[in-house]
Amino acid sequence: MNVKLLVQDLEFAYISTPVLTGMCLKVPPGTLVSIVGPNGSGKSTLLKCIDRILKPQQGMVAIDGRDLVQLKRIELAKQISYVPQSSVRIFPHSVFDVILMGRRPHLGWTSSGEDEERVWDVIDLLGIEDIALAPFTELSGGQQQKVLIARALVQETDVMLLDEPTSNLDIWHQLDVMTIIAGLVAERGITAIMAVHDLNMAARFSDQIIMMKGGIIHAAGSPWEVLTPRHIADVYDVEAQVQRQDDETPLVVPMRQIGGNGGRLAY
Ligand SMILES: Nc1ncnc2c1ncn2[C@@H]1O[C@H](COP(=O)(O)OP(=O)(O)O)[C@@H](O)[C@H]1O
Ligand SMILES: [Mg+2]
């Protein structure tokens, strides 16, 4: 198998309790991988370890066979882009300037006309011309999310990491963002690894799904292989039905909690 991103025996602990143990991934190029799992299962930590925002205590992350430890930050930023979870209102700049920041790994001291052209190309691709000169802080959550994706896109990396890119978005914007990401994977052959809560979004758009629980991989494979009632019960403690849709993708219908109080208040 042609491997774009390799994660081998990754271990990470914030303090003493391990958050990730024995993580291994092999992701081929041109693949959309969704990471699912309950809150606190280690999805964000895994993405941050891959991008070396966090330094794993053990194990290796490699792109095209090259260990990322060897790369300086600026070199790493030419290999991997990272879209953090939304609702960080940290940029008091125009949308154009926020996106231009993504060109930093490619810039000298100043941006060139060519860099600005790349920014306009991405603005055009995502259909956000109308907000290009607006202040980032005044945008809606969905618009901000698209701008953060644009900022990652102008980095022009082969690997893109996204942390819950559709959380806080209405269903129109969820579909918009997922279609854009899936389109980039299909048309440009980039590899996208995305933490996502919505199992049906993951089912519909992903080539592969990784289901995590307690810092380990519980199941990995195609949506049909991973999204089984058994795996969902084991990982989420939820009884679910999995139905086949017209387009052949699985549809997960959560029915009831297992071993919980069924939503009733405990007195
Ligand atoms: N900065 C931190 N310091 C200490 N523990 C953390 C920190 N961030 C996350 N954790 C813990 O690590 C575990 C995994 O968290 P996270 O990777 O955010 O999970 P997920 O993204 O799947 O919800 C959780 O138990 C969480 O409490
Ligand atoms: Mg998270």
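The values are calculated or read from the model by the stated rules, or taken from the named source; none is laboratory data. Every value quoted in this text rests on a predicted model; they were computed, and no experiment measured them. Quick reminder, even Gly has a Cβ in these numbers, built from the backbone with ideal geometry, and neighbours come from all protein chains shown. To get the accessible areas, we keep the full protein, side chains included, count just its heavy atoms, and leave off ligands, DNA and RNA. Shrake-Rupley method; radii C 1.70, N 1.55, O 1.52, S 1.80 Å.
If you take the residues of segment 38-53 that are assigned to a helix (DSSP H, G or I), closer than 23 Å to MET201 by Cβ and open to solvent by less than 30 Å² (accessible area, probe 1.4 Å), which of them is farthest from ligand 1 (Cβ to nearest atom)?
The initial filter retains those residues of segment 38-53 that are assigned to a helix (DSSP H, G or I), namely 43-50.
Checking which are closer than 23 Å to MET201 by Cβ leaves us with 43-48, 50.
Right, trim to open to solvent by less than 30 Å² (accessible area, probe 1.4 Å) and you get 43, 45-47, 50.
Details: LYS43: 3, THR45: 3, LEU46: 7, LEU47: 8, ILE50: 12 Å.
Applying the filter and picking the extreme gives ILE50.
So that you can scan it fast, the table gives a plain yes or no per residue for (1) over 21 Å from PRO92 (Cβ atoms); (2) of a type outside the set (Val, Ile, Thr); (3) surrounded by 21 or more Cβ atoms within 10 Å (Cβ to Cβ):
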| site | (1), (2), (3) |
| --- | --- |
| LEU148 | no, yes, yes |
| VAL154 | no, no, yes |
| GLU164 | yes, yes, yes |
| ILE171 | yes, no, no |
| LEU175 | yes, yes, no |
Do we find a residue being at pLDDT below 90 and within 16 Å of the chain's Cα centre (by Cα) anywhere in segment 91-110? no
Which one is nearest to SER222 (Cα to Cα) among residues in segment 8-37 that are open to solvent by less than 10 Å² (accessible area, probe 1.4 Å) and within 13 Å of ligand 1 (Cβ to nearest atom)? SER34
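Out of all the residues in segment 165-196, which are within 16 Å of ligand 1 (Cβ to nearest atom) and touching a Pro at 6+ places or on another chain (Cβ under 9 Å)?
First pass over segment 165-196, keeping only residues within 16 Å of ligand 1 (Cβ to nearest atom): 165-168, 193-196.
Of everything in segment 165-196, those that are within 16 Å of ligand 1 (Cβ to nearest atom) and touching a Pro at 6+ places or on another chain (Cβ under 9 Å) turn out to be MET194, ALA195, VAL196.
Farther than 26 Å from LEU6 by Cα, at pLDDT 95 or above, open to solvent by 40 Å² or more (accessible area, probe 1.4 Å) and of a type in the set (Val, Ile, Thr): which single residue out of VAL253, VAL238 fits that description?
Numbers: VAL238 fails: open to solvent by 40 Å² or more (accessible area, probe 1.4 Å).
Among VAL253, VAL238, only VAL253 is farther than 26 Å from LEU6 by Cα, at pLDDT 95 or above, open to solvent by 40 Å² or more (accessible area, probe 1.4 Å) and of a type in the set (Val, Ile, Thr).
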From (1) modelled with pLDDT under 95; (2) open to solvent by 30 Å² or more (accessible area, probe 1.4 Å); (3) of a type in the set (Gly, Ala, Ser), pick out the condition that doesn't hold for ALA77. (2)
Take segment 138-176 and flag every residue that is over 23 Å from THR45 (Cβ atoms) and of a type in the set (D, E, K, R). GLU138, LYS146, GLU156, ASP170, ASP176
Return the residues of segment 155-164 that are within 24 Å of ILE232 (Cβ to Cβ) and either of a type in the set (Asp, Glu) or more than 16 Å from ligand 1 (Cβ to nearest atom) (or both); say none if nothing qualifies. ASP163, GLU164
Got at least one residue in segment 54-73 being surrounded by fewer than 17 Cβ atoms within 10 Å (Cβ to Cβ), at positive phi and away from ligand 2 (no atom under 16 Å from the Cβ)? yes
Any residue in segment 44-61 that is farther than 16 Å from ALA195 by Cα sitting within a Cβ distance under 6 Å of a residue that is of a type in the set (S, T, N, Q)? List the pairs, counting only those 6 or more apart or interchain. GLY59/GLN8; MET60/GLN8
Members of segment 104-146 found to be exposed (fewer than 14 other Cβ atoms within 10 Å of the Cβ), under 26 Å from ILE193 (Cβ atoms) and in contact with a strand residue (DSSP E or B) (Cβ under 8 Å, 6 or more places away or on another chain), listed by number: none
Matching residues, segment 1-59, being over 23 Å from ILE74 (Cβ atoms) and β-branched (Val, Ile, Thr): VAL3, ILE15, THR17, VAL19, THR21, VAL27, THR31, VAL33, ILE35, VAL36, THR45
Quick check on segment 177-223: of everything there that is surrounded by fewer than 18 Cβ atoms within 10 Å (Cβ to Cβ), farther than 17 Å from VAL252 by Cα and of a type in the set (Gly, Ala, Ser), which residue is nearest to ligand 2 (Cβ to nearest atom)? GLY214
